[in-house]
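Note sheet for the following structure.
What follows draws every value from the coordinates through simple rules; no lab data is involved. The structure displayed is predicted, hence computed values, not measured ones. We place every Cβ from the backbone using ideal geometry, glycine too, and count neighbours over all the protein chains shown.
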Amino acid sequence: MRGDAADVQAGKALLHAVIKQQRPLLTGAVLLGLLSTLGLIGQWLALAWLLGEVILPAERWQWSMAYPSVLLFLLALVVRAGAAWGQEYCASRASIAVRQSLRLQLLQLWWEGPAWRLGELSAADWASQWGDNIETMDGYVARYWSQQYLALLSPLLMLALIAWLNWLMALILLLAAPLIPLFMVLVGLGAEQINRRHQLERQRLAGHFLNRVKQLRLLRQLGAIAESSQQIARQSGRYRDLLMATLKVAFLSSAVLEFFASVAVASVAIYIGFVLFGAIDWGPAASISLFSGLTILLLAPEYFQPIRQFAQTYHDKAAALAAAMQLAPWLAKATEPDRSEPQPSDSRALQLTELVSAYPTQALRPPPVTLTVPEHHCLLLSGPSGSGKTTALKTLAGLIPAKAGAFHWPNKHDRMVYLPQQPWIKPGSWADNLRLYAPDASESDMMSVLEQLGLAPLLAEQTNGLATPLNPADTALSGGQLQRLMLARALLAPASVLLLDEPTARLDQQSKALVMAVLAQRKSCQWLLIASHDPAMQQLADHYWFFAATDAGTGLSEALV
Amino acid sequence: MSNDRTMLQYWLQLLVWQHRGRLLLAAALTLLTALFGLALLGLSGWFITATAVVGAILLAGGSAFLELYMPGSGIRFFALGRTISRYAERVFSHQLVLEQLARVRVQLFQGLARLPDSALQQAQDADWLNRLTTDLEQLDTVLLRLLLPPASLLLVWLLLGGFFAVWSVALALGFLLVGLPLLLLILALFIRQSVALNYQLSALLNESRQQVITQLEGLDELRVAGQLQAEQQAVVRLLALIDGKQHRVSQQQALSQLLLQLLHGGLVLFVALLAVAGYQHGWFSGPVAVMLVLPVLALGELLQPLPGQLASAGRSWFAAKRLYPLATQPEPAAATGDEALNTVQLQLHRYGRVAASLQRPLALHLSTERPVLLVSGASGTGKSSLAELLVRDTLPGAAELRWNGRGRSAWQQAGLHQQVALLSQQSGMLADTLRTNLMVGLTDVTEQRLWQVLTQVELEQWAQSLPKQLDTWLGDSGQQVSGGQARRINLARWLLRSPRLVILDEPFYGLDQAQAARIWQAIQPWMQGRLVLLLLHHRPDFLADGWPELSLNLDTTTQETIS
């Protein structure tokens, strides 16, 4: 998948920003990585020293002569292992901090970001952002980032020592290094081309299994389970063949690395052997001894190791960039001030001034509305379904920014409660739900509200009373019962404003009467903003906001006092 | 726990035992690559030292002979051999992983197919599918990270020990009896801690993910009440836990890397000192001494990535544990007998989802004498819920359902449930060709017959216009199909079959009256002799007067409605 250049840019900017936050730790990781390389060089230098001295001693060799090289070896070992430990520690700390901060940013976005846009991603999509997508940052931060420097700097450190010992060997290794990425790029292009050739088929095969799982009930009804599982086996086989065709080429790139590393060791060994034998005397042959020859031989494979590790982490970057491209636009929104926040004013009434309520993405503009709703009055938003009542209610709730104009809530209002048509059921018990907005509500508070709404008999039927779990998929409660239960939750809240969307839509006459009675009583202490097409609601209303359906489905609105 | 053991056995059987031949080959290739690496460095060391020794003798005027050609080609052979075997190893092991995955998918599919309908309902849930995918992907790592690297390291270790034994028993014993136990100890300690930690971490992440999903569903209400932040404190607490666990995981990993590096360095020094001693005692020559030391150096390349590779064990275990119950659903008893479904009786009393039943008991009765019934009701009156009840494998207490006068287990035993066709409101499209979509589960359907049913549902012209007609791919990566078209393709699919009971839930969705009437006429011959339940929001003009009707609309004066 490839996104727009702007998406890529945003993704890169996000990666850059997360790295910037953790710069000290990551720089530390690189420095410790270099220190570890120095330790490694010291270790192999000491080993070559020991072996070279024993086998071709300048004078008669004694064990005491081994002390310095053994000491150097031990010292270098401790430095190398300790530094590597520190490198790992710094890098993973940084990565943990990055993931933690991204998750906190997502929470922040959900708390304060533009509510009306958050619905563009489903809850399941958000969950993948929260889970897997953020986890992919680990590879990038903990491994890729420091390795991109170490892949360059560590070989250079070793090269410096080798150059000091024998410049010709250093030159050969130096020339080999840039060839590796070159070949890898060529191989990568080849793999990409093969990949593209079967793009569509691969995409279909990749989705095959999940599609069949999704349609399992249907397949079972059709008696096609056996056939489908055979098909899954066949398609998986076909998918494997296609994927392998690409992988066979893609793996050539690691073969290239392997080839250079192996051939470098082999040619270093053969050249040094021939020099030491006396068969070659050109070039800087004179500088080679058993000690320097062994040192170069031991360092040659290590020289390629950081490049190899870098190549292994390379796909971490691609994965992190893909994840960052999805996250970046949202996290940018988290920092935007949310314009939908209602403005407080000094007046003691809710004031709507030339207010136009519509989704920001909506092209049509309903006419503006100017209204004043004093304290303890009820505003009824009425009109046929689809005319924009819910949008207006959400605007007043602060969930959607006003398209034009403004509205002001008095300073005095402390808290609002909004009850949508399909209320959210908190996983938990009846009591957990009733206490959602009123953590201190006592059992008798809850009982009395339930009684007012005619739910007491229903509660009595529950096995565990208020502690009975409330399962959203529960078949025991009808839509109307749930509706009233959620209304009870809203009524328990210590709020000065109630925003109710079609609170009586699923109720029978008897229950409706109970709800109307409770709402009438509430008018004495709360602002009631009710969207409803139910004519009975007019008994409660002090102010009206009418919506008329238009052909385009967007409301025309008109205010009456 | 014995439960865990059964589970482990199951996965080992599926992922390892069933592929044992190829697995051995993959392991052999991994081993070969490692051995070539060791041999390359060892032989190179020997070669350099030998040339240096002989060169020094020659320089001093002595006489000595060294054959340069053979070791030179040996070095080249190992260098090239390593490259080739690494490539072969990677290709081969990835092929194997894909084969394992194919096997797991088939097992999983068959297991899922045995789940009760109520459990399968979650397959419609995007997050459930996401997690299924993630879990499956996690099993990829079993071979490449958990099996091959440690296995090849152990074998290399043993072989190297054997090689040492040729030259010095003390060296071999030290390497095998001190080095190997230390290695195993470090790895065992690491795995013990890491599996548990990573498992817990996966579980915590998963839990946070679920909490996030539920809370996002209530986002609007929680935001307006200013309650979201408070509600999400639970998630924040989980994040702190996750943070702590992640720290411990990384500490574990760094520590075991440290220990492995110390072990490796210590071994190099130990072997070097013994080699020096052996050389001093004249047990072997200088070049051999070097040849013994350098392969130990090359072991580092195998040791270093091990903690990172093994760390995925906990995550894989978490995934395996979640997939296990799905993959190993018991097979339901096979249906016997060839009895035809002749009567269906459903009684419903106070079932919340069909609101009318709260008001009055509902009875639905189909038999060969009264084979058809129209169930009507405005949207939200529970028509689909009612249709679902007839095919669901678990019934709420409020419903009583009898087929041929018998209860569920008896009719399942008789295979009656295989005689039902439900045309539901879900899209029911397979991502596949139009042909496969029509005849999935059937063999021997002629081309002519396929066109015939397409004509009956008035999709013939549309199918003709498709780029590859019947072989056109439908779905996201092919020809898009509208909701109404999907409904009719589903209908056509049933027209190719002979179910006894046909449940049609809003079959004319997206069609105008005239077209609906034509299709209705066209499928009349097929409907003859079957039990038909038709669910519509109101009675259409074209429906024969003989059709009895059961209305789900409420007597609006007394009771609650539901949507």
**Request:** Output the relative contact order of the range A:82-232, whole-number percent, from Cα pairs under 8 angstrom with separation of 6+ residues.
**Result:** 20
**Message:** Using alpha carbons only, how many angstrom separate the centre of the range B:74-93 from the centre of the range B:255-291?
**Reply:** 26
**Asked** By per-residue mean of other Cβ atoms within 10 Å, what is the highest-first order of B:60-67, A:84-91?
**Response** A:84-91, B:60-67
**Fill in**
the protein assembly as shown: antiparallel bridges as % of DSSP beta bridges, rounded to 5, reads 45
**Item:** 21 Å Cα-Cα reach of A:K248 towards lysines, excluding residues that sit fewer than 8 places from it in its own chain
**Value:** none
**Item:** Positive minus negative residues near A:Y149 (Lys, Arg vs Asp, Glu; Cβ under 13 Å)
**Value:** +2
**Request:** Report, in degrees rounded to the nearest 10, the 0 to 90 angle that the Cα long axis of helix B:312-327 makes with the longest principal axis of chain B.
**Result:** 30
**Asked** Hey, got the average number of other protein chain Cβ atoms within 10 angstrom for residues in B:297-305?
**Response** 3
**Request:** Using label points projected 7 Å from each Cα along Cα→Cβ, tell me how many nm separate A:L182 and B:D393, to one decimal.
**Result:** 6.3
**Item:** Cα-Cα separations in chain A greater than 48 Å, expressed as whole percent
**Value:** 42
**Prompt:** Extent of the range A:1-148 along each principal axis, from alpha carbon coordinates, in Å, largest to smallest?
**Reply:** 85, 28, 24
**Asked** Hull surface divided by four, with the convex hull built on the Cα atoms of the range A:426-530: how many nm²?
**Response** 6.3
**Prompt:** How many percent of the alpha carbon pairs in the range B:1-106 exceed a separation of 16 Å?
**Reply:** 70
**Relative contact order of the range A:360-513, pairs being alpha-carbon contacts under 8 Å that are 6 or more residues apart, as %** = 32
**Request:** Would you list the P(r) distribution for the range B:270-394, with all Cα-Cα distances sorted into 5 Å bins from 0 and each bin expressed as a whole %?
**Result:** 2, 7, 9, 9, 7, 6, 6, 6, 5, 4, 4, 4, 4, 3, 3, 4, 4, 5, 4, 3, 1, 0
**Asked** Within a Cβ distance under 14 Å of A:R435, other residues only, what is the Lys/Arg minus Asp/Glu net charge?
**Response** -3
**Expected 222 nm ellipticity per residue - DSSP helices of 4 or more, -39500 (n - 2.57), all of the protein assembly as shown, to 500** = -20500 deg cm²/dmol
**Item:** Nearest 10 degrees, 0 to 90: helix B:286-303 Cα axis against chain B principal axis
**Value:** 20
**Message:** In whole Hz and in residue order, list the ³J(HN,Hα) couplings for the range B:146-159 that follow from phi through the Karplus curve 6.51 cos²θ - 1.76 cosθ + 1.60, θ = phi - 60°; x for Gly and Pro.
**Reply:** 9, 9, 5, x, x, 4, 5, 4, 4, 5, 4, 4, 4, 5
**Prompt:** Can you give the three extents of the C-alpha atoms in the range B:379-421 along their principal axes, from longest to shortest, in whole Å?
**Reply:** 35, 24, 15
**Prompt:** Counting partner chain Cβ atoms within 10 Å of every residue's Cβ in A:43-50, what's the average?
**Reply:** 3
**Request:** Calculate the mean, over all residues of peptide B:201-208, of how many other protein chain Cβ atoms lie within 10 angstrom of the residue's Cβ.
**Result:** 2
**Item:** Between 0 and 90°, nearest 10: helix A:199-214 axis offset from chain A longest Cα axis
**Value:** 50
**Message:** Eigenvalues of the Cα gyration tensor times 5, then square-rooted: what semi-axes does that give for the range A:103-244, in whole angstrom, largest first?
**Reply:** 46, 29, 12
**Complete:** Per residue, the convex hull enclosing the alpha carbons of the range B:358-444 has a volume in Å³ of 168
**Prompt:** What relative contact order, as a whole-number percentage, does chain A give when Cα pairs under 8 Å and 6 or more residues apart are counted?
**Reply:** 16
**Request:** Would you mind computing Rg(Cα) / (2.2 N^0.38 Å) for the protein assembly as shown, counting N as its residues?
**Result:** 1.17
**Asked** Can you pull the Kirkwood radius for the range A:3-85, inverse mean 1/r over Cα pairs, to one decimal in Å?
**Response** 15.9
**Request:** Sequence neighbours fewer than 8 away in the same chain don't count; with that in mind, list the lysines whose C-alpha is under 29 Å from B:K383.
**Result:** A:K214, A:K389, A:K426, A:K512
**Prompt:** What do you get for Rg/Rh of the range B:154-202 when both radii come from the Cα atoms and Rh is the Kirkwood radius?
**Reply:** 1.25
**Message:** Need one number: convex hull volume per residue for chain B, Cα atoms only, in Å³.
**Reply:** 237
**Pairs from A:K317/B:K321; A:K20/A:K317; A:K403/A:K523 whose Cα-Cα separation, in the structure shown, is over 20 Å** = A:K317/B:K321; A:K403/A:K523
**Message:** Taking every alpha carbon pair in the range A:202-336, what does the distance histogram look like in 5 angstrom bins from 0, in percent?
**Reply:** 2, 8, 10, 9, 9, 9, 9, 9, 8, 7, 5, 5, 4, 3, 2, 1, 0
